[in-house]
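J.: Sharing a structure with you now.
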């Protein structure tokens, strides 16, 4: 009984005193950060593509995504296109996402392309 | 003595203006804008905010712009706030779902002055602003555009003139009218210090280039866009 009453209070304290940003799940992160260019369905046809000189990758295509290892995908998400000799238009997300969140996104991308 | 009275009178007047402004903010603005901070700490919490945070307004906006815009607001983010709530799939790409965008509430010029007075008192905590400062100087629009677009890929999400550029972020051709130069330097060097879950990435632009970008934004803001639209 006692424990049950204390738990919510403890949880509230955590809520109030935690200053670090919370980890989010891959689907929410994909919507918040990636939709703008890679599109609502991940096919590379996002809101922003009209005036972009290099088109975002189609994440639903096994052909476009299959050649990359998980380590490559992790690197390009964290450090951006330039880090793998690709376009500067693919941004680095290392300040927005933790390593754990990026690993989750790599798994999410594998589901989108149904490859690997 | 006369001066003291004048001084007291002045501080009193400005304090009541700000009080009136704060009352309006609480009543008419707080349901969409956060006035006390901190910024959203999760993506879901960010999506629940119906407008940009205003709890650091005094460190962000140019007062003159605020007073004008509140009387005659016009869209700043082509796809609204938050962009994911105002788009739909289209034939060639995702499109802005205009039916979901609503006009911004309008204030009378008296009220706008009170509100601006109150907003300018809301300063950012020092850790948000950091040591960033604009050092002055100027640059041509064409060289500035190279730094902004070619070298750093900022145009992917930002329009650099009406109808040209990305749509998920705010238009930048009026950014220097809206925002203080030091804020621009600080935000570009660390968007996450201001808003940990902002869809804008930290592109780690080298400091001298951040200065050039802000010079470019100032050059853009000098053009008369309303006439060109």
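The values are calculated or read from the model by the stated rules, or taken from the named source; none is laboratory data. Not measured: the values here are computed from a predicted model. We place every Cβ from the backbone using ideal geometry, glycine too, and count neighbours over all the protein chains shown.
J.: Which number in (1) in contact (Cβ under 8 Å) with a residue 60 or more places away in the chain; (2) over 18 Å from residue B:81 (Cα atoms) marks the one condition that residue B:167 misses?
T.: Residue B:167 satisfies all of (1) in contact (Cβ under 8 Å) with a residue 60 or more places away in the chain; (2) over 18 Å from residue B:81 (Cα atoms) except (2).
J.: Test residue B:116 against the criterion of being out of contact with any strand residue (DSSP E or B) (no Cβ under 6 Å at 6 or more places or on another chain), outside any loop (DSSP other than H, G, I, E, B), in contact (Cβ under 8 Å) with a residue 40 or more places away in the chain and farther than 22 Å from residue A:48 by Cα, and give yes or no.
T.: So residue B:116 fits the description; yes.
J.: Could I ask something else about it? Taking the criterion of being without any contact (Cβ under 8 Å) to a residue 12 or more places away in the chain, in contact with a helix residue (DSSP H, G or I) (Cβ under 8 Å, 6 or more places away or on another chain) and within 14 Å of chain A (Cβ to nearest Cβ), would at least one residue in segment B:119-130 satisfy it?
T.: No, every residue in segment B:119-130 fails to be without any contact (Cβ under 8 Å) to a residue 12 or more places away in the chain, in contact with a helix residue (DSSP H, G or I) (Cβ under 8 Å, 6 or more places away or on another chain) and within 14 Å of chain A (Cβ to nearest Cβ).
J.: Another question about this same structure. With the condition kept exactly as written, say whether any residue in segment B:187-205 is part of a helix (DSSP H, G or I), closer than 18 Å to residue B:131 by Cα and more than 14 Å from chain A (Cβ to nearest Cβ).
T.: No, segment B:187-205 contains no residue that is part of a helix (DSSP H, G or I), closer than 18 Å to residue B:131 by Cα and more than 14 Å from chain A (Cβ to nearest Cβ).
J.: Scan segment B:206-229 for residues that are in a loop (DSSP other than H, G, I, E, B), out of contact with any strand residue (DSSP E or B) (no Cβ under 9 Å at 6 or more places or on another chain) and closer than 23 Å to residue B:143 by Cβ and report the count. Let's see the steps before the verdict.
T.: If we filter segment B:206-229 for residues that are in a loop (DSSP other than H, G, I, E, B), which is where we start, we get B:206, B:222-224, B:229.
Filter once more, keeping what is out of contact with any strand residue (DSSP E or B) (no Cβ under 9 Å at 6 or more places or on another chain): B:206, B:222, B:224, B:229.
Those left that are additionally closer than 23 Å to residue B:143 by Cβ: B:206, B:222, B:224.
Result for segment B:206-229: 3.
J.: Within segment B:145-157, track down each residue that is without any contact (Cβ under 8 Å) to a residue 40 or more places away in the chain and within 19 Å of residue A:45 (Cβ to Cβ).
T.: B:155, B:156
J.: Of the residues that make up segment A:87-95, is at least one at pLDDT 95 or above, more than 10 Å from every other protein chain (Cβ to nearest Cβ) and surrounded by 19 or more Cβ atoms within 10 Å (Cβ to Cβ)?
T.: Checked segment A:87-95: no residue is at pLDDT 95 or above, more than 10 Å from every other protein chain (Cβ to nearest Cβ) and surrounded by 19 or more Cβ atoms within 10 Å (Cβ to Cβ).
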